[in-house]
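Written out below as structure tokens is the structure these notes cover.
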Amino acid sequence: MSTAAIVWCLGVMMLAALVQSVGGFGFALLAVPLAAIVIDLTTAVIAVSIASVFNVATLVLRVYKDIDRATAVRFNVPALLGMPFGLVILAMVNQELLKIVLGALIVVATIALMRGAGNLRHHHWVDVLAGWLSGVLSTSTGTNGPPLVLAAQMAKLSPPAFRATLTFTFLVSGPVSLVFFGFAGYFSRAALLLAGGSIPLIIIGQYFGLRLRKHVNGKRFERLVYLLLLLSGLSVGISGALS
């Protein structure tokens, strides 16, 4: 791995930490596809997954009082059941095609929400399905956020509850994903070194993100969520096409 690739990946994870501190999600959504531009997808997924656990573990200490516990249960239990399916997909499915399809689905679902689908009545089964899909995506692509974000947006959680519930969910699913990755033999020295090197930069990203957070509420927060979803969908799809 070249020095330029290492610097790029570390910078990407600092940016991702800033974004997640403001919006409550976006670490893996931004970091995995951007890191995969210069390193292989499996290394990107593992390195970002490890770094993400550190990121959410430190963030959740600040927001745990705002967690919507019922929604968190509906997200996390199905996610655990979906993770083994994600490992099968990671081993068997063409990763470039998977990323293109995932990116397109994120963009289409986001546009549907922006055009009023979010005004449909929210049902608990939506959270359950979103949780299961997030588990599948967690171990197949490392980008498990989109289904959860879309479900949380449909549920119209307040910005503090939105951020806290997603952060807690990522904290639960992250270590479990790493256990699955370990048993499957996907860990590498390069991924571990990248994740370890990212810790100081994640702290810096959080520092600035938490200070920006107080300026992002109400409509600004809603627009940020949609913008991040669209950008993540495009970046995932484009990285798959370029691969």
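Brief remarks follow.
- Relative to one another, the C-alpha centroids of the stretch 187-202 and the stretch 24-91 are positioned 15 Å apart.
- Whole-percent carbon and sulfur share, accessible surface of the chain, 1.4 Å: 71 percent
- For the chain, a crude dipole built from +1 on the beta carbon of Lys and Arg and -1 on the beta carbon of Asp and Glu, taken about the Cα centre, is about 780 debye to the nearest 20.
- By the compact-protein rule of thumb, 2.2 N^0.38 Å, the alpha-carbon radius of gyration of the stretch 154-243 corresponds to a ratio of 1.35.
- Largest first, the three principal axis extents of the alpha carbons in the stretch 91-243 are 45, 36, 31 Å in whole numbers.
- Helix-only CD estimate at 222 nm, as mean residue ellipticity for the chain, using -39500 (n - 2.57) per DSSP H run (n ≥ 4): -28500 deg cm²/dmol
- Which of Met14, Met92 is most accessible, then next, and so on - probe 1.4 Å: Met92, Met14
- Residue among Asn94, Asn76, Asn144 with the largest mean-square fluctuation in a Gaussian network model of the chain, springs linking Cα atoms under 10 Å: Asn94
- Accessible area expressed per residue, the chain, with surrounding protein chains retained (probe 1.4 Å, Å²): 45 Å²
- Added length on full extension, which subtracts the Cα-Cα distance from 0.36 nm per residue, Ile89 to Asp40: 16.0 nm
The values are calculated or read from the model by the stated rules, or taken from the named source; none is laboratory data. The shown structure was predicted, so the numbers you read here are calculated from the model rather than taken from an experiment. All Cβ positions, even for glycine, are placed from backbone atoms using ideal geometry, and neighbour counts span all protein chains on display. Just so you know, the surface numbers come from the protein's heavy atoms only, side chains and all, with ligands and any DNA or RNA stripped out. Shrake-Rupley method; radii C 1.70, N 1.55, O 1.52, S 1.80 Å.
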